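No lab work stands behind these numbers, since they all come straight from the coordinates. Because the structure is predicted, anything quoted here is derived from the model rather than measured. Virtual Cβ from ideal backbone geometry, glycine too; neighbours counted across all protein chains shown.
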Amino acid sequence: MTGRRRNTLLGLGIVAGLIAIAIYVFDWNMLRPYVARQISAATGRSFAINGDLHVKLSREPVISAEGLVLGNADWSKQGDMARVERLEFQVRLWPLLKKRVELPYVSVTRPELLIEQNDQGQGNWVFKNSPKDTASPSERTLRVGRVDIRDGDLRVEMPKEKTSLRAKVAVTQGATDREGSITAEGTGSYRDLPFEVSSSGGAVLGLRDANTPYPLKFKGRIGDTRFTADGTVTDVRTLRGMAINFTLAGKSLAELFPILRLPLPPTPAYRLAGLLEHEGQEWRFTRFTGKVGDSDLAGSWAVDLGRQPRFIKADLSSQRLDMKDLSGFIGARNEAGKPVTPKGNKVLPQNEFNLEKLRVANADVHFRGEKIIDKQLPLDHMDVRLRLDDGRLSLDPLVLGLADGTVRAKIHMDTAKTPIHTQADVSAERLQLTRIMPALGENKRVNAGLIGGRAALVMDGNSVARMLATADGDAAFIMRGGEISKLLLRLANLDVANLVPIFLAGDKPVPVRCMVAEFKSTEGDAQIQNFVIDTQKQVVLGSGGVDFGPEALDLRLDVKPKDISLVSLRGPILIKGSFKKPAVRPELTQLSLRAAAAVALGFVTPPLALLPLVQIGSAEDQACDDLIARARHGNISAATVEKKIEKKATSLHRTSKTSPPATPPVSSTEAR
């Protein structure tokens with residue numbers, strides 16, 4: 001080796017040594033302003049490294065920085081968006097030449113991250129200079145190996161949603177994609193309800209594999225609603241392939257409305273468990289089972305968030321349905337699920353329907369109740385389809401098994417009108433009277449026939465009580481055949497002379513030729529148009545009515561005998577009082593006059609005392625065929641519907657002369 005060459009190599013060695021010494025003693029903090037400017041330019045936010053910046057050189061350098069601070073959006077009043085006490089990572093140099101970033105190791109100590117949204121819906125996670133990266137995780141040029149995040153602090157502030165959350169986060173990642181975990185525990189408020197959750201997931205690197213199920217588990221509560229989840233998600237980014245065993249429990253299903261915006265009615269306490277799935281914009285809760293109050297419930301539930309408004313489709317069934325658990329549908333429970341007692345001396349539900357719920361989503365729900373438990377009515381089963389379309393709710397058809405017969409109804413409620421406009425058409429066939437009125441069935445001499453009926457009503461009101469208080473329409477009930485106790489008939493007429501042979505010879509049944517009752521309702525006052533019970537011995541005629549506004553009864557039953565009785569204190573039977581406390585008694589005026597006349601005549605000539613008590617039967621058989629035919633074919637007319645809507649529109653116009661009626665009259669075709 002020549003001297004010149006030795007000198008050259010020596011010089012290069014000295015230069016390399018000087019460079020190495022320079023790098024070793026170089027103060028990397030001098031690069032902090034440059035790094036800060038680059039990150040600020042990339043994010044459009046202020047950025048600073050307030051602590052030391054250090055680089056440990058090797059084939060895979062280790063870079064560390066302390067006191068990192070990223071500014072928030074300019075509209076925020078919450079301070080910085082992110083702070084990191086210490087960041088350390090290792091980088092491979094060779095992949096950088098191929099525009100790939102590979103970080104074998106990342107460690108983050110005490111990171112603080114603030115996620116917030118303003119009243120205009122802007123999120124602070126959107127940066128001014130954010131690149132439009134639509135690549136999937138597997139296509140990106142960033143690869144991360146071992147990860148360690150300690151004492152992470154996450155805050156979420158969304159005042160518009162009345163949401164404020166805070167979570168402690170920890171992340172560990174092993175040498176492979178399957179080693180490690182993500183854990184988080186959070187508290188705060190979600191939509192103004194107390195919130196707490198604890199969750200755990202698989203390794204960080206498992207998040208980027210869109211073909212392998214990622215394990216996920218969490219539990220928590222929002223308000224009084226509790227939930228758990230345990231399952232997997234194949235693609236975390238799109239939630240594709242979600243298969244999670246999910247449980248949901250709370251005091252009332254109505255409490256899900258402020259949380260998920262699902263228009264569910266108030267119910268008793270519930271607990272449901274099923275499979276939570278997701279595809280596109282649709283969330284599904286399938287194969288679930290559980291209990292709502294004392295009723296079991298099973299089926300499937302789907303919510304499509306891609307439709308506006310959101311669309312709900314459900315297929316539900318109950319093997320044992322307790323009717324009191326459905327009382328929230330008619331306003332007999334508050335949103336917390338507790339029964340509500342009507343105010344004053346009333347029995348009809350006065351709670352108004354939640355109009356916001358009825359307008360927030362569309363729905364198509366099918367429900368079947370196989371066996372019904374009810375203390376008031378002998379219900380057997382239920383089958384109903386509920387549709388909600390832009391605030392128009394319909395129960396069509398609604399089929400109830402009642403007293404061994406069937407009740408069919410079509411109910412349509414239009415919440416776009418104020419107050420709610422409702423039309424109801426109800427029919428009943430082959431109902432057993434002795435099952436509806438068990439007291440009759442206790443008398444072995446009563447063999448009531450089959451009851452049928454119909455009702456057609458139009459109503460306006462935001463509660464069941466108000467709807468019935470404004471009802472216009474008609475109703476009819478008919479019965480043909482059957483038998484009734486002779487004793488009951490004589491007692492109804494206080495027929496003393498004919499009671500004696502019955503007690504001596506025994507009670508005998510009397511055939512019932514027919515029973516017809518027709519009512520016409522105007523503004524909730526249902527007046528009897530025709531009421532006849534025709535038997536072989538007597539005819540019972542009814543008059544008066546039922547007023548649903550004050551919930552008052554004012555009925556009168558007159559008994560007309562077809563035979564002769566020597567001692568009769570006959571007088572009308574009065575049914576008066578309120579729905580809550582009805583009173584049944586004979587009319588005392590006629591009884592008093594007859595008794596007084598008998599006493600007066602007894603002073604003159606004792607045998608004449610019986611004259612006022614002699615009753616010569618003059619009642620004749622009624623034209624049952626004609627009465628039944630008329631009752632069957634009566635129906636509310638389209639003109640009645642139009643008249644009611646026009647009346648309401650006129651009333652609204654009078655109260656607001658500066659604006660037109662909110663609900664214009666509909667045509668006859670629309671009304672039908």
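Some notes on this structure:
- Sorting the segments 573-586, 107-120, 457-470 by their mean number of nearby beta carbons within 10 angstrom, highest to lowest, gives 457-470, 107-120, 573-586.
- Förster radius 35 Å - calculated FRET efficiency between Lys576 and Ile373, Cβ distance, rounded to 0.05: 0.60
- Label-point separation, Arg59 to Leu260 (7 Å along Cα→Cβ), nm: 5.4
- Checked against a 29 Å cut-off, the cross-linked pairs Lys375/Lys576; Lys291/Lys580; Lys343/Lys371 give Cα-Cα distances beyond that limit for Lys291/Lys580; Lys343/Lys371.
- Over all other residues within a Cβ to Cβ distance under 14 Å of Asn334, the charged ones net out to +1, with Lys and Arg as +1 and Asp and Glu as -1.
- Placing a pseudo-label 7 Å from each Cα along the Cα-to-Cβ vector at Glu356 and Arg585 gives an inter-label distance of 5.0 nm.
- Cα-Cα over 27 Å, subset of Lys128/Lys357; Lys251/Lys313; Lys168/Lys217: Lys128/Lys357
- Per-residue ³J(HN,Hα) for the range 402-410, Karplus 6.51 cos²θ - 1.76 cosθ + 1.60, θ = phi - 60°, Hz, x for Gly and Pro: 9, 6, 6, x, 9, 10, 10, 9, 10
- As a rough guide to protection, the peptides 185-198, 537-550 ranked by mean Cβ packing within 10 Å, highest first, stand as 537-550, 185-198.
- Qualifying trypsin sites (Lys or Arg not before Pro) for the range 208-240 [loop in DSSP, other Cβ within 10 Å: at most 14]: Arg237
- Sparse packing (at most 16 other Cβ atoms within 10 Å of the Cβ) combined with a DSSP loop state is found for the following chymotrypsin sites (Phe, Trp or Tyr not before Pro) in the range 24-86: Phe26, Trp75.
- Alpha-carbon centroid distance for the pair the range 52-99 / the range 317-366, whole angstrom: 56
- Under 16 Å from the Asp364 label point (7 Å along Cα→beta-carbon), backbone N, the range 301-320: 301-316
- Distance between the 7 Å Cα→Cβ label points at Lys162 and Ile115: 2.2 nm.
- What the phi angles of the range 277-291 give under the Karplus curve with 6.51, -1.76 and 1.60, with θ = phi - 60°, is a coupling list of 10, 8, 8, x, 9, 10, 10, 10, 10, 10, 6, 8, 9, x, 9 Hz, glycine and proline written as x.
- In range of the label at Arg320: residues from the range 263-292 whose backbone nitrogen is under 18 Å from the point 7 Å along Cα→Cβ: 268-273, 289-292
- Full-stretch length increase - Asp224, Leu96 - with 0.36 nm per residue and alpha-carbon distance subtracted: 40.9 nm
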